[in-house]
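Below: the structure, in structure tokens.
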Amino acid sequence: MKVLALKVDVDTLRGHREGVLNLLNLFDRLSVKASFFFSMGPDNSGKAIVRIFRKGFISKMLRTKAPSTYGLKTLFYGTLIKAPMIAQSFPGLLKETVVRGHDFGIHAWDHVKWQDGLNKMPVTTIEAELKRAFDLFYQYTGRRPKAFAAPGWQINIDAMMVLDSLGLDYTSNTRGLFPYIPRFGRKLFSTVEIPTTMPTMDEIMGTNGLRGSAMAQHLLGCLKEGLNVFTLHAEMEGLSQIHVFEEFLRGALDQGVRCVPLSFVSKMTRDELPRCQVADGTVEGRAGTLAVQKTD
Ligand SMILES: [Zn+2]
């Protein structure tokens, strides 16, 4: 029996505004429920882009008079353009996700700040950012999220201390093989961790350049017996790659794969879960280090 748990990360205003609704409609058509993790605060995508590209990127972009599409605008959020507030701009989509019966959690207050600088953040800042995100979600929906998924799979012991105190049903902060109870050094936490087990679309593209149907078929080939956790992005699988994602999902359903939200997994008996160390690691096709489950 193959089970596919769907984890949707919402990183940007564009992903939130356009991608979330596309995915909600796709999931409705296929009678599938998923888990959505929302970035609630400012969209500082521009800061991440500036870091990625070499110096002179902005002047080059301006010189080429690239059309000011919304996609281009996103490149400047938090740099030339004041970072827009994501959830506040379209709060109705949070409610829509809840009403349509999907599982929901927090991805970040400020995705870029967490992904690029978690290890420099004092614990009081981590606490404050998480509180803002959880409180705002509650304010807009009347529901308190019971899950969290770390931006860019960046997590450390300070952040885990704060998350553990929130009494969540589960977190999804790491890459790994199966659900577990996380340990950082000697410190054992109590929140169930459900790691992403499959490669993401951008990692597959980065590794072997697959596109379109070839990508969908590759993803189907990645499905193993038991639990598979797939992370998708509202700004990617919810927009330009939605047909590829739909082909993958339909293919999985045709094969009898059971598609579920991550909360389905967290309801399994936690007492039987193994304890595993979380460490810095790498995954193929992705730059930098991220948190991985140690299984040896
Ligand atoms: Zn993200």
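P(r) for the stretch 121-187, from all Cα pairs and a bin width of 5 Å, is 3, 14, 26, 28, 16, 9, 3, 0 %, short bins first. Rounded to the nearest whole Hz, the Karplus-based 3J(HN,Hα) values (6.51 cos²θ - 1.76 cosθ + 1.60, θ = phi - 60°) of the stretch 256-268 follow the sequence x, 5, 8, 9, 9, x, 5, 4, 4, 6, 5, 7, 5, with x at glycine and proline. If you take the square roots of the eigenvalues of the alpha-carbon gyration tensor of the chain and sort them as a ≥ b ≥ c, do you get rounded (a/c under 1.5), prolate (a/b over b/c) or oblate? In terms of gyration-tensor shape, rounded. Measuring between alpha carbons in the structure, the pairs from Lys187/Lys267; Lys95/Lys187; Lys2/Lys120; Lys73/Lys294 lying more than 28 angstrom apart are Lys95/Lys187; Lys2/Lys120; Lys73/Lys294. Backbone amide hydrogens, once placed in the peptide plane, bring Ile106 within less than 5 Å of Phe38, Ala147, Phe148, Ala149, excluding anything fewer than 5 places away on its chain. Nearest-5 percent of antiparallel DSSP beta bridges in the chain? Antiparallel: roughly 20 percent of the beta bridges in the chain. Where does the chain land at 222 nm, in deg cm²/dmol rounded to the nearest 500, when only DSSP H runs of n ≥ 4 count, each adding -39500 (n - 2.57), divided by all residues? Only helices count here, giving -11000 deg cm²/dmol.
In the assembled protein chains, Ser190 presents an accessible area of approximately 60 Å² (probe radius 1.4 Å).
For a test of the definition: using alpha carbon positions, the gyration tensor, and the 1.5 limit on a/c, classify the stretch 69-184 as rounded, prolate or oblate. Oblate, because a/c is 1.5 or more while a/b does not exceed b/c. The spacing between the stretch 226-296 and the stretch 21-40, judged by their C-alpha centroids, is 15 Å. Going toward the positive end of the dipole of the chain, with +1 on Lys and Arg Cβ and -1 on Asp and Glu Cβ, which of Gly92, Cys259, Thr125 do you reach last? Positive-end residue among those listed: Thr125. The alpha-carbon atoms of the stretch 72-127 define a convex hull whose volume equals 126 cubic angstrom per residue. Scan the chain and report its longest stretch carrying no GluC sites (Glu not before Pro) that are both in a DSSP loop and have at most 16 other Cβ atoms within 10 Å. Result, exposed sites excluded: 1-224.
With a/c under 1.5 counting as rounded, go ahead and sort the stretch 203-296 into rounded, prolate or oblate using the C-alpha gyration tensor (a ≥ b ≥ c being the square roots of the eigenvalues; past the cut-off, prolate if a/b is larger than b/c, else oblate). Oblate is the answer for the stretch 203-296, as a/c is 1.5 or above yet b/c matches or exceeds a/b. Based on the Cβ-Cβ distance of Thr125 and Asp202, what FRET efficiency does E = 1/(1 + (r/R0)^6) give at R0 = 25 Å, to the nearest 0.05? Efficiency, from the Cβ-Cβ distance: 0.30. Note on surface exposure: Lys7, Lys2 rank Lys2, Lys7 by accessible area, highest first, 1.4 Å probe. For the set Phe184, Phe178, the ranking by accessible area, highest first and with no ligand, DNA or RNA atoms included, is Phe178, Phe184 under a 1.4 Å probe.
The values are calculated or read from the model by the stated rules, or taken from the named source; none is laboratory data. Small disclaimer: the values here were computed from a predicted structure and weren't measured. Virtual Cβ from ideal backbone geometry, glycine too; neighbours counted across all protein chains shown. For accessibility, only protein heavy atoms count, side chains too; no ligands or nucleic acids. Shrake-Rupley method; radii C 1.70, N 1.55, O 1.52, S 1.80 Å.
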